[in-house]
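See below for the structure under consideration.
The values are calculated or read from the model by the stated rules, or taken from the named source; none is laboratory data. Quick caveat: nothing in here was measured; it's all calculated off a predicted structure. Positions of Cβ are backbone-derived with ideal geometry, glycine not excepted, and every protein chain shown enters the neighbour counts. When the accessible area is computed, the model is the full protein with side chains, heavy atoms only, and any ligands, DNA or RNA have been set aside. Shrake-Rupley method; radii C 1.70, N 1.55, O 1.52, S 1.80 Å.
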Amino acid sequence: MIKENVRKIISELPERIELEAACKKRTPKEIMEALQGGVKIIGENYVQEAEEAFKVVGNKARWHFIGHLQKNKVKKAVRIFDMIETVDSLSLAGEIDKACGMEKKVIEVLIEVNSGREKQKFGILPEKAASLIMDTAGFNNIKIMGLMTMGPMTGDPEDARPYFIETKKLFDKLREIKIPDVCMKYLSMGMSNSYKVAIEEGANIIRVGTKIFGERNGL
Ligand SMILES: *Cc1c(COP(=O)(O)O)cnc(C)c1O
């Protein structure tokens, strides 16, 4: 079923949209099936889970980190991931830069925006994003490639639309002001229930879990 689910989703996507499979709690075998269906980007929330999956999948896909990155996991994370979508502080950016320096690697990142302004959520507030980006752009081993947002989750995708619109406005503004060494290329937003709304509002990476793999046990 996984392969068919992926094929169906991809067949309905506009061409400029990249499908990222959100793989938390999925087995390497399930992830491989998603790749066979045409997935090219794997999104992982947990470094340890990614390490297990990486042993099987390796470089057959691009690896994006989409969870909350703890400082003590940064070294391991930069070995596996091609992109970290959840940078939301200068101190985390600094840790990533340092770890990449040791690995002799330049990593792509997205800045995670807390578009819903939810207290318990990660991400930087929209009005603080520009200054974080300008500061982070100074690190030699980090390349900023765009923005990511979750938005509040209520079950009704229409409730997410205003937050997707706000994040797209911010994305366009940041692109316009042309910050040196920053490439505003990717806007990662939308999940299984909201990706269609996200695409309408300008997303070009969507992160889909349940609609590819089925319901998760737990979480
Ligand atoms: C789990 C997850 C998704 C996908 O969620 P689904 O509702 O299963 O599609 C997307 N983004 C992030 C950051 C996630 O943790």
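The table that follows gives values for the structure above.
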| read-out | value |
| --- | --- |
| Separation between Cα centres of segment 140-192 and segment 36-100, rounded to whole Å | 19 Å |
| Segment 1-61: Cα Rg divided by the 2.2 N^0.38 Å rule of thumb | 1.09 |
| Residues whose placed amide H lies under 5 Å from that of LYS143, excluding near-sequence neighbours | ILE107, GLU108, VAL109 |
| Percent breakdown of C-alpha pair distances by 10 Å bin, ordered from the shortest bin, for segment 64-219 | 11, 41, 34, 13, 1 |
| Sparse-neighbour loop sites [trypsin sites (Lys or Arg not before Pro); segment 75-142; at most 10 other C-beta within 10 Å; DSSP] | LYS104, LYS119 |
| Alpha-carbon radius of gyration plus Dmax, which is the widest Cα pair, for segment 1-133 in Å | 15.7, 45 |
| Cut-off under 5 Å, modelled amide H: who pairs with ALA22 long-range | GLY43, VAL208, GLY209 |
| Of all accessible heavy-atom area on segment 1-58, the percent that carbon and sulfur account for (1.4 Å) | 53 percent |
| Out-of-range pairs (alpha-carbon distance over 21 Å; input LYS105/LYS128; LYS105/LYS143; LYS128/LYS185; LYS71/LYS178) | LYS105/LYS128; LYS71/LYS178 |
| Proximal aspartates and glutamates to LYS24, defined as alpha-carbon separation beneath 14 angstrom and excluding residues fewer than eight positions away on the same chain | GLU44, GLU49, GLU51, GLU52, GLU215 |
| Cα Rg, Dmax, segment 72-134, angstrom units | 12.3, 36 |
| Mean Cβ count within 10 Å, highest first, over the residues of peptides 191-200, 81-90, 131-140 | 81-90, 191-200, 131-140 |
| Residue (of ILE9, SER89, ALA99) at the positive-pole extreme of the chain, dipole from beta-carbon charges | ALA99 |
| Å³ per residue enclosed by the Cα convex hull of segment 42-112 | 75 Å³ |
| Point-charge dipole on Cβ atoms (K/R +1, D/E -1) for segment 51-201, about Cα centre, debye to 20 | 540 debye |
| Normalised contact order of the chain, rounded percent, pairs of Cα under 8 Å and 6 or more residues apart | 19 percent |
| Computed magnitude of the charge dipole of segment 3-109 (debye, nearest 20; Cβ of K, R +1, Cβ of D, E -1) | 360 debye |
| Rounded accessible area per residue of the chain, 1.4 Å, Å² | 49 Å² |
